[in-house]
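Everything below concerns the one structure shown next.
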Amino acid sequence: MDKLVSLAKRRGFVFQSSEIYGGLGSVWDYGPLGAELKANIKARWWRSMVHEREDIEGLDAAILMHPKVWEASGHVAGFTDPLVDCKHCKNRFRADDPAIKGTPGQPDAQCPVCGSKGTLTAPRLFNLMFKTFMGPVEEAAAQIYLRPETAQGIYVNYLNVLQSSRQRIPFGIAQIGKAFRNEITPGNFTFRTREFEQMEMQFFVKPGSDEGWFDFWREERLKWVQGLGLRPERLRLHRHGPTELAHYAKDAYDIQYEFPFGWNEFEGIHNRADFDLSRHQQFSGKKLEYLDPATNERFIPYVVETSAGADRTALAVLCDAYHEEEVAGETRVVLRLHPALAPIKVAVLPLVNKDGMPEFARRVFDDLRKHVNAFHDDSGSIGRRYRRQDEAGTPFAVTVDGQSVAEDGTVTVRSRDTLQQERVAAAQLLDYLSSRLRG
Ligand code: ATP
């Protein structure tokens, strides 16, 4: 994991937030390559969930919402972790932290950081939502929250979307957006952070058809995740047992990836039954029933949710892509990213900076960049430039050499994965690359 974190920084995938001030705990910034990678993941998700489906509409709801939303959703009362404080060193832990010895609140309990005995408080509930104030007065009545999930923005817009899009049940609403959780035990790089992005879809169905749709979406989402190129042996489904199920959930599966720190969830598929819309109907006083035009039946739709983290998906993709291998007696670090996700699709490199090669390379680069994210690099030895692109996960490198300029107008195309080089006419380059980048 340390190697990946250092590559992520070195190549500009992920930086610590506010690093020059010593960093901000568990908040991360995406650099030039990371921003491209995450944008590619989100665009692929949007395409498959919204554009390729007639029965799903997109939404972009605000982060700030009416505070009653979070009472209705259960987050004000229930989105809590039990925590204990050490009265001596002031550190705070989750009550179930395995590093704590003894029972917090009792004289035998020992602080895992300073080792003091009897200084740990009994567990107290701590809400994970970030609070802020709306308007000029910082008083309780003006308190609102940064949303801890995007789903509620979908529920409160369910009627608006239904009526404006003229959809009929079953149909879904999809959204990508930021969420905030004041996590107490964050860590493992970008796996658990306090600000993150979710890609969520809520599918509204007739009660009774929910189990079939739940199975459908579990399989669809698994297929999508497999399509990112993740190694199959590092992917698995985990069904929630009775003690894991959230109070509102009828059934739930996690899609897990085997990260270097173990198997962990990066997407969840949940059958939420009618919990959410019933609660919003109750708290808002607004009728959220659906009138089935075919049968004249009225009902509160059930919801099947697919909830993925853009950051955790990006982390799984990076972990999976990272490879070290021996090439000609040297260690090569290469990110074998799926070409559709790679931040840079093709690098254009003049072999040397003379004899017309720089001008030829510029022309090739200018042509390509109109169609794909291309990168021009003319500094350092060609071997070093190839290695930089390997670390960036760039699937193809185009080299302009003497033959290109003086003889036949062809360039070499080096494949990141096979290391094979092929000569291709510069005029055919876009077609050649397009067919290989598709996916
Ligand atoms: P966990 O048990 O790991 O806290 P969760 O079950 O609370 O996750 P959900 O509420 O189901 O997670 O959120 C759906 C998705 O949002 C997760 O699968 C994950 O990808 C992402 N996610 C949730 N919390 C975080 C976080 N703190 N940092 C990064 N991504 C997160």
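The values are calculated or read from the model by the stated rules, or taken from the named source; none is laboratory data. All of these numbers come straight from a predicted model, not from anything done at the bench. Cβ placement follows ideal geometry from the backbone for every residue including glycine, while neighbour counts extend to all protein chains displayed.
Remarks
- Here ASP377 passes the criteria (1) within 26 Å of GLY229 (Cα to Cα); (2) in contact with a Leu (Cβ under 6 Å, 6 or more places away or on another chain) except the one numbered (1).
- Options GLN389, GLN403; residue that is part of a helix (DSSP H, G or I), within 18 Å of ARG436 (Cβ to Cβ) and not charged (D, E, K, R): GLN389
- Pairs where the first residue, in segment 188-200, is farther than 17 Å from ARG47 by Cα and the second is modelled with pLDDT under 95 and within 6 Å of the ligand (Cβ to nearest atom), C-beta under 9 Å, 6+ apart: ARG192/GLU183; THR193/GLU183; ARG194/GLU183
- Any hit, segment 219-242, residues being modelled with pLDDT under 95 and more than 14 Å from the ligand (Cβ to nearest atom): yes
- Consider segment 197-218 and keep the residues that are of a type in the set (Asp, Glu) and surrounded by 16 or more Cβ atoms within 10 Å (Cβ to Cβ). The one that is farthest from the ligand (Cβ to nearest atom) is ASP210.
- Checking each residue in segment 330-368 for being of a type outside the set (A, V, I, L, M, F, W, C), within 30 Å of LEU4 (Cα to Cα) and in contact with a strand residue (DSSP E or B) (Cβ under 8 Å, 6 or more places away or on another chain) picks out THR331, ARG332, ARG336, LYS345, PRO350.
- Filter pass, ILE269 being away from the ligand (no atom under 11 Å from the Cβ), touching a Lys or Arg at 6+ places or on another chain (Cβ under 6 Å) and not basic (Lys, Arg): no
- When GLU359, GLU391 are checked against the criterion of being surrounded by fewer than 20 Cβ atoms within 10 Å (Cβ to Cβ) and in contact (Cβ under 8 Å) with a residue 12 or more places away in the chain, a single residue qualifies: GLU391.
- From the list ARG181, ARG168, the one residue that fits, being charged (D, E, K, R), away from the ligand (no atom under 16 Å from the Cβ) and at pLDDT 95 or above, is ARG168.
- A Cβ distance below 9 Å, combined with a sequence gap of six or more or placement on separate chains, defines the contacts here; from segment 10-27, residues that are within 13 Å of THR193 (Cβ to Cβ) and within 16 Å of the ligand (Cβ to nearest atom) reach residues that are among the basic types (Lys, Arg) and assigned to a loop (DSSP other than H, G, I, E, B) in the pairs LEU24/ARG194; GLY25/ARG194; SER26/ARG194; VAL27/ARG194.
- Selection status of ALA397, part of a helix (DSSP H, G or I) and surrounded by 15 or more Cβ atoms within 10 Å (Cβ to Cβ): no
- Scanning segment 259-307 for residues that are in a loop (DSSP other than H, G, I, E, B) and within 20 Å of the chain's Cα centre (by Cα) turns up PRO260, PHE261.
- Condition met for ARG194 (within 30 Å of PRO82 (Cβ to Cβ), crowded, with 19+ Cβ neighbours inside 10 Å and within 16 Å of the ligand (Cβ to nearest atom)): yes
- Exactly one residue among LEU128, LEU33, LEU37, LEU146 is touching a Phe, Trp or Tyr at 6+ places or on another chain (Cβ under 8 Å), more than 22 Å from ALA174 (Cβ to Cβ) and crowded, with 18+ Cβ neighbours inside 10 Å, and that residue is LEU33.
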